[in-house]
Amino acid sequence: MARLVVFILAALLAAMAAQAQAAAPPRLRFGFYRRSCPRAEYIVREAVRNATAINPGLGAGLIRMAFHDCFVQYVMHALEPYAHGVADTGVYTYVRGCDGSVLLDPTPANPRPEKLGPPNFPSLRGFDVIDAAKAALERYCPGVVSCADVVQFAARDAAFFLSGYKVFYNLPAGRFDGRVSFENETLAFLPRSILNLSELVTNFKVKGLNVDDLVVLSGSHTVGRSHCSSFSDRISSTSPSDMDTGLATVLKKQCPANPNFTDDPTVPMDGVTPARLDNQYYKDVLKHKVLFNSDAALLTSRVTRRKVLENAFIRGRWEKKFAKAMVKMSLIEIKNAANGEIRKNCHVVN
């Protein structure tokens, strides 16, 4: 009996140690590559500069990619001892987080990764920019800079260029790349354009983000384009919305009545400054000139409405808040050497 108890305790301690090791985050720090790859951030910035100079839409895609990479989750099971061993007794959720899993390609073992999920395919853009940056990094300092860090650096630099240099933030680095990526988790955990405010708040809260982060990060909808299918319910004659009638009329002319995979045009999310990362989005929200239900939802509470007003009319406030929120988001569930790696090719695990 004593031996059985010792065995059970040993098994429990081993399980707890393995979980603790997997959960312990690495120490991210500013200037992480200063010694190991001094030009790392410059190399990424130049790749983004070159891409956005030709096509600003790629910058919007890179910001969205960082968001989509950080927001996907998976479930782990808690263990505890019982009379004959170790039992699975509870479920707790880990956020897979900012680990470059959105970059992984289909393989025979995993034919449906995140990038093929409906929120990502075919609309997510910027993969070629990440590839160009990673290829240059591998020539300069092979095996050093993670794809997860490249994604976050690229989003930071895209925001810098698209904002006319008004949005800039130092970014701690040292992320590891994840090895797991599933299509079905994109619908489960990425906030969708049809969500109402309480659903959005819950979605962000799970990731450790608050209402202010929700309102501020929604401002990224000031740049880029959207497929008609993402807001077709808002311009349908059978389900009237609070969208400005003039905007709805224009969109009905640009979008098919029933968009599908082969007929799903894109339109600018911000009709005033479509290639500029600025606070125009909040002015559009107040005028009901936004595409998504999730955007319009920001006016459905006094708290979020006040934040929309502040971001719309207090000069420089949104840019500073956006920078802080992007850093906060980039810290969601960071991998370490025990549960991650530094990929040589961002599309496949090593």
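Side notes on the structure shown:
- Subset of segment 208-232 [under 21 Å from residue 279 (Cβ atoms), touching a strand residue (DSSP E or B) at 6+ places or on another chain (Cβ under 9 Å) and not in a loop (DSSP other than H, G, I, E, B)]: 225, 226
- Qualifying residue in segment 93-105 (condition: hydroxyl-bearing (Ser, Thr, Tyr) and within 30 Å of residue 234 (Cα to Cα)): no
- Matching residues in segment 300-350 - criterion: being aromatic (Phe, Trp, Tyr) and open to solvent by less than 10 Å² (accessible area, probe 1.4 Å): 318, 322
- Total residues in segment 186-201, condition modelled with pLDDT under 95 and under 20 Å from residue 331 (Cβ atoms): 3
- Qualifying residues in segment 231-280 (those that are under 28 Å from the mean Cα position of the chain (by Cα) and basic (Lys, Arg)) - the one surrounded by the fewest Cβ atoms within 10 Å (Cβ to Cβ): 276
- Pair list, Cβ under 7 Å, 6 or more apart: segment 189-215 residue within 19 Å of residue 64 (Cα to Cα), other residue modelled with pLDDT under 90: 189/72; 189/73; 190/72; 207/95
Each row is one residue, and each column tells you yes or no for (1) of a type in the set (Ser, Thr, Tyr); (2) modelled with pLDDT of 95 or more; (3) outside any helix (DSSP H, G or I).
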residue: 14; (1), (2), (3): no, no, no
residue: 25; (1), (2), (3): no, no, yes
residue: 32; (1), (2), (3): no, yes, yes
residue: 43; (1), (2), (3): no, yes, no
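- Restricting the first member to segment 166-178 and to residues that are closer than 12 Å to residue 150 by Cα, and the second to residues that are of a type in the set (Lys, Arg) and crowded, with 17+ Cβ neighbours inside 10 Å, the beta-carbon pairs closer than 8 Å and six or more apart or on different chains are 171/156; 175/335; 176/335; 177/335; 177/343.
- Within segment 233-319, helices (runs of 4 or more DSSP H) holding 3 or more residues that are hydrophobic (A, V, I, L, M, F, W, C) and at negative phi: 245-254, 302-313
The values are calculated or read from the model by the stated rules, or taken from the named source; none is laboratory data. As the structure is a computational prediction, the values presented were derived from the model and not from experiment. Please note: Cβ atoms are built from the backbone with ideal geometry, for glycine as well, and neighbour counts cover all protein chains shown. Calculation scope for accessible area: heavy atoms of the full protein, side chains included, ligands and nucleic acids excluded. Shrake-Rupley method; radii C 1.70, N 1.55, O 1.52, S 1.80 Å.
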